[in-house]
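Report on one structure; see the data block that follows.
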Amino acid sequence: MMLRLGDMAPDFEAETTEGRIWFHQWMGDSWCVLFSHPKDFTPVCTTELGMLAKLKPEFDRRNVKIIGLSVDSVEDHKLWAKDIEETQGVALNYPLIADRKHVVADLYGMIHPNALDTMTVRSLFVIAPNKTVKLMITYPASTGRNFDEILRVIDSVQLTQEYKVATPVNWHHGEDVIISPSVTDEEARMRYPEGWQAQKPYLRYVHEPSPHRH
Ligand code: BEZ
């Protein structure tokens, strides 16, 4: 069964570079980015995993745990980690799952045989603390992902989960947001007494809400 937005992220037990984990328990009350890469000791993956290690403080700030996966062994992951540190200038600071038997890859649909026979493609899932799937993206092996975009989406998903707003095209944290269509003008007047800017009755911009201003 294909995984879809809003579904419960499947739980699993797995071997990782930081020992055996039970996924939901490992997540605890955090958000999670679960991502697959095709293969250890490959060039694009080396740059991706290094960049994620550099960006880890940004994920930490958003209460997001990172965990990677491929069908390689823990031994290979650990050996390759040395190359990542040497070439990318940063040590791996999050676990990598060794999914030798494709258990997790099958649960999450990470193997696309018509694109890449038995290896995982570049799948990525953002999972909320209640374990539901909030974002899914799939990139081909030849294209490295843009993890700034993942942080941008996490900012949007975390904001729109808390307030009745949506974020417009190319939005970044700190920029104006859109009042949800489900919010009537009457309700909006209570929520935003300072007003909003309406380009159309359904296209109403307000400052990004925060605990101090909403
Ligand atoms: C890479 O990471 O560079 C890569 C991995 C598998 C297939 C093609 C490219």
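All other residues whose Cβ lies under 11 angstrom from that of Val133 are scored, Lys and Arg at +1 and Asp and Glu at -1, for a net of +2.
Taking the chain as a Gaussian network, where each spring joins two C-alpha atoms under 10 Å apart, which residue of Glu194, Glu149, Glu15 fluctuates the most? Of Glu194, Glu149, Glu15, the Gaussian network model singles out Glu194 as fluctuating most. Applying a DSSP loop filter and a limit of 16 other Cβ atoms within 10 Å to the trypsin sites (Lys or Arg not before Pro) in segment 121-214 leaves Lys131, Lys164. Under a model in which nothing but the beta-carbon of Lys, Arg (+1) and Asp, Glu (-1) is charged, segment 68-142 shows a dipole of about 380 debye around its Cα centre. Dividing the summed helix terms, -39500 (n - 2.57) for each DSSP H run of n ≥ 4, by the number of residues in the chain produces a 222 nm estimate of -10000 deg cm²/dmol to the nearest 500.
Computed on the chain, with alpha-carbon pairs under 8 angstrom and 6+ residues apart, the relative contact order is 20 percent. Largest mean-square fluctuation among Ala141, Ala188, Ala53, in a Gaussian network model of the chain whose springs join Cα atoms under 10 Å apart, belongs to Ala188. Computed over all pairs of different Cα atoms, the Kirkwood value for the hydrodynamic radius of segment 132-214 is 14.2 Å. Cross-link pairs exceeding 31 Å between alpha carbons, from the set Lys101/Lys164; Lys131/Lys164; Lys54/Lys200; Lys56/Lys101: Lys101/Lys164; Lys54/Lys200. Across all Cα atoms of segment 7-52, the radius of gyration (one decimal) and Dmax (whole number) stand at 12.8, 34 Å. Think of segment 91-180 as a dipole: +1 on every Lys or Arg Cβ, -1 on every Asp or Glu Cβ, centred on the Cα centre; then among Ile127, Leu151, Ala166, Ile127 lies furthest on the positive end.
Considering segment 5-94, its Cα convex hull presents a mean projected area of 6.1 nm². Once the chain from Ser30 to Lys78 is taken as fully extended at 0.36 nm per residue, the excess over their C-alpha distance is 14.8 nm.
Using only side-chain charges placed at the Cβ, +1 for Lys and Arg and -1 for Asp and Glu, the dipole size of the chain relative to its Cα centre rounds to 400 debye. Counting every other Cβ atom within 10 Å of each residue's Cβ, Ile67, Ile137, Ile97 order from fewest to most as Ile137, Ile67, Ile97.
Laboratory data are not the source of any read-out in this text; all were calculated from the coordinates shown. For clarity, every value in this text was computed on a predicted model and none was experimentally measured. When we count neighbours, we look across all protein chains shown, and the Cβ atoms used for this are built from the backbone with ideal geometry, even at glycine.
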